[in-house]
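Single-structure report; data block below.
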Amino acid sequence: QNTRAGDGRGWEWAPLVRGRRMEVEGLAEGAVVDGQGSRDAPLRPVKRQKQKASNAMGDEEDDGCLSGCPESDVGVSVPIAVVPTAEWTGVIDQVKSAIVAIRVTGVRPFEDSPAGVWQGTGFVVSLEDPKRALILTNRHIISTGPIRAFATFDEHEELPVFPVYRDPIHDFGLLQFDATKLRFTPPRQIPLAPENLRVGSEVLVIGNDNAEKIQILPATIARVDRNSPSYCDSNYQDENTFYAGAGSNTSGGSSGSPVIDRSGSCIAVNAGGATEAASAYYFPLDRVVYVLDWLRANPDKPPLPPRGTLLTKFLFQPFDTLRKLGFTEEQEQRVLWEHSAADAPSAAADGAAAADGATAGAGGGSGGGGGGTGAAVGGEAPQGKRPKGMLVVDSFLPGSRAEELLRPGDVLLEIDGQACLIFAALEGHLDDSVGSEVPLRISRAGKEMEVSLWIEDLYSLVPHDFTECAGGVFHQVSYHTCKRYHLLVQDRGVFVVESGFGFGLELPYHAIVAAVQGQKVGRLEDFQAALSGVADGETFEVSWFNPTTNERRTKRSSVRMERSLWPLCTWRFSPERPNVWRREAATVLPLATPPTPATSSSALPKEAWAEENGGAGTATGAAEKGVAEGAGDVASAAEEPLGYPPSRDQTIGRVQPMLCTVTTRFAHEYATDFIQSEDELNSTLIRRFGVGLVVDAVRGLVITDRYSVPQPLAQVELTFAQIVTTDAQVLFIHPQHNLVVLRYDVSAVHPLPVQSVDFPVVPTDDDDGDAEGSRGRDELGIGEVLSYVSLHGDHRLSAKQTTVGSIYLKAWAFCEPPAYRERNLEICNLNDTLQGLGGLLVEPGASGRTCAWFAQFPAGKKHYLAGI
């Protein structure tokens, strides 16, 4: 506002420099302050102003006072006007009771909104039915998935609010609340006046800026014909609408704030801003008024007013740009002449309609109805002013009719026989003709032609229902995702919103599922039907691709079904007032059972060993004999018998039947008994690897460490001989020492010659000192040269000779937060670099004693390898 101090209006100059206000001394009368200097302003990335709850208490910033501010190193800056208190106090008192701070909890991730907590702003726009009063805010605050939300009013009253309407394209939505439950805050609504959105209008943005309840930021509308901003962090992008721009310097938490003019009416809604500049972007209210009018006229219908699309994105371009696209001077003059001719006879009628709309807006918050408003909004040229440009085709969805008939750069002249120069007129026609064909007249490189396009229902192109499977969330690929990644809109597949426990290791976030078990998945119903035939614990194949990468090759992954903790279900959306999702359970299938192998003596109870093997030896020896006989039978058949990889190293050949790889998976929501590392905290799910030591091949008992299996609630798999994998159950976790006992089904690994580890003989008081006893009593000594056989994460074995370096009682550090730590246990270290996940320290050769077991010891967010 180029108004000097002392002109009777009470203005003062206050330049805004890096978020601080400064006094300007010696500014000459009529001087112009250039905020950009001689440099061109670079393009700034755009941010949405949704405030995450974790950042609600940010660092304190300057309060913007006019005195006492430090000097800036910037020579010139943009002067902004300090709003006179006397002129705005009444307006603020009038509207502040209608402005609320909104706290939203996303209970499920949906589209590109994660599950979590965030904050924004809203304001009351309808009190016609106090029990179903309406609050207007941004779409990215309400989100499009299931939420729980609360609104805090002016007198610190908190009420639950419920979503009623989310626009499929534009950045606005409506919440419902019961105004009769307000005890201290007087119920008020803010009237909507979209016709007042003009360049030069002085406004206040009042909202939850930076999650601070009720902040007031002054601004002056700088432009009203800006194309919709491009957000760099989201699949969702607004389209086919104008935005207004101003330098209000709003920040996170101010999304949904009303833009208030001097009459106390809302002329726009704050939606976003630049990350490194003071620029803010306001959404105009023409479609908001249309939706509110439709809801008032149809109170008993589902809150889904008709919304149509041509599957095409248009941009507003000035006439100079149109010339570069082949738009001729004759066409330009004809458009200008037709506009001026249409203005002349309708000026009086339009003025009366605008007055009626303003009166209706003051009482009920709307100024128009049907397909659009009668007032000039966005880029529509007011009476007596020429249009500044026209709508141009920017892009369209592949596989659509628009792709066949339109080309980028086509200039839109008419729709359904009527001139169409602005977005409000375009959307009015589309919303009035959903499900029908509409003729378009376009200009392509100066040549005019007519095409006919089908108007699609926007609600059918955005997801509403979603399926939960194995901790993951899936829904139909949305219109916005297809638009951003240039995907076919027909049979567009299923979008991976969250891969979860079952899919997390195979499918990345934002992947698209194309087939399940060879069945093509084009819709969510196809995906649910394919998963319903998969039993719990069964492994199935998923075909998918990642649209976020340049490589869109279809990939195949094996996924294991998990229904015990995460039952397969689908949530169906019901467009009621308020919106609800209802759970629909899938068919419950029995647990998948592996095929039953031939009866083997190794699977018999311990008491039957003597009879089965003629009373031969110990149970372990009999098991080895039975396995050997079974291997001979298989060898005589056509198939090659299963066995361990051959090795010339006798030590490896002796030790590898005693070892197995332990793979453990945890879901984050069930990781309760251990401390996660930084990488685990940032991962989709937690996976750990370790080494298992077979202690009883007959009963299927394995011991491992507490780092590999820190809690019983986990999915544990054992891999033997690099080829056979089976599930394991946690039987026992030692409360003090680093020891976990697992049990597996011995029949699942029957063909393999699994052996129990030969523990040293435990000395007793009546030991007679024979050779075997003395050998068992020999303790591990420092400097002893032994063989260390280790197992790696890819299931391979390695062995090397090493020397025992030290044996001592280690004092493990305390964890923060408190967690398990080893105590009162001697450990041994080697004079060498330890590799792998752990293993055995043994005497070299085909026979020899087992001296130590090397395991992983948890220590807070870290872990160490040491010998027991």
So for R0 = 25 Å, FRET eff. of residue 437-residue 491 from the Cβ-Cβ r, to 0.05, ends up at 0.65
For residue 699 and residue 679 in the same chain, what is the full-extension length gain: residue separation times 0.36 nm, less their Cα-Cα distance, in nm? 3.6 nm
Around residue 131 (Cβ within 14 Å, Cβ-to-Cβ, excluding residue 131; K/R +1, D/E -1) the net charge comes to 0
Give a residue-ordered list of calculated ³J(HN,Hα) values for region 454-471 (Karplus: 6.51 cos²θ - 1.76 cosθ + 1.60, θ = phi - 60°; whole Hz; x for Gly, Pro). 8, 8, 7, 7, 5, 5, 6, 9, 10, x, 10, 7, 8, 10, 10, 8, 6, x
How much area per residue is accessible in region 139-181 when the probe is 1.4 Å and only protein heavy atoms are counted (Å²)? 29 Å²
Sorted peptide list for 819-831, 280-292, 476-488, 788-800, criterion being average Cβ within 10 angstrom, highest first: 280-292, 476-488, 788-800, 819-831
Please go through the residue pairs 181/301; 213/861; 385/447 and name each one whose alpha carbons sit more than 31 Å apart in this structure. 213/861
In whole percent, what relative contact order does region 827-868 give with Cα contacts below 8 Å and a gap of six or more residues? 38 percent
Alpha-carbon Rg/Rh ratio, for region 706-766, with Rh computed the Kirkwood way: 1.06
Could you check the spin-label model distance between residue 525 and residue 557? Points 7 Å from the Cα along Cα→Cβ, value in nm. 2.8 nm
Cα centroids of region 213-234 and region 641-711: how far apart, whole angstrom? 54 Å
As an exercise, use a Förster radius of 41 Å and the Cβ-Cβ distance of residue 727 and residue 807 to find the FRET efficiency, rounded to the nearest 0.05. 0.65
Under the definition of Cα pairs under 8 Å and six or more residues apart, what whole-number percent is the relative contact order of region 499-589? 26 percent
At R0 = 25 Å, how high is the FRET efficiency between residue 338 and residue 198 if r is their beta carbon distance? Nearest 0.05 is fine. 0.55
Can you give me the % of accessible surface on region 220-279 that is carbon or sulfur? Probe 1.4 Å, all protein chains present, nothing else counted. 45 percent
Sorted by mean Cβ packing within 10 Å, highest first, what order do the peptides 397-406, 724-733, 848-857 take? 848-857, 397-406, 724-733
So what is the relative contact order for region 387-472, in percent, with contacts set as C-alpha pairs under 8 Å and at least six apart? 24 percent
In a shell of Cβ-Cβ distance under 12 Å around residue 852, excluding residue 852 itself, what net charge do Lys and Arg (+1) and Asp and Glu (-1) give? -3
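The values are calculated or read from the model by the stated rules, or taken from the named source; none is laboratory data. None of the values given here were measured: they were computed from a predicted structure. Don't worry about glycine lacking a Cβ; one is built from the backbone with ideal geometry, like all the others, and counts go over all protein chains shown. All accessible areas refer to the heavy atoms of the entire protein, side chains included, with ligands and DNA or RNA removed. Shrake-Rupley method; radii C 1.70, N 1.55, O 1.52, S 1.80 Å.
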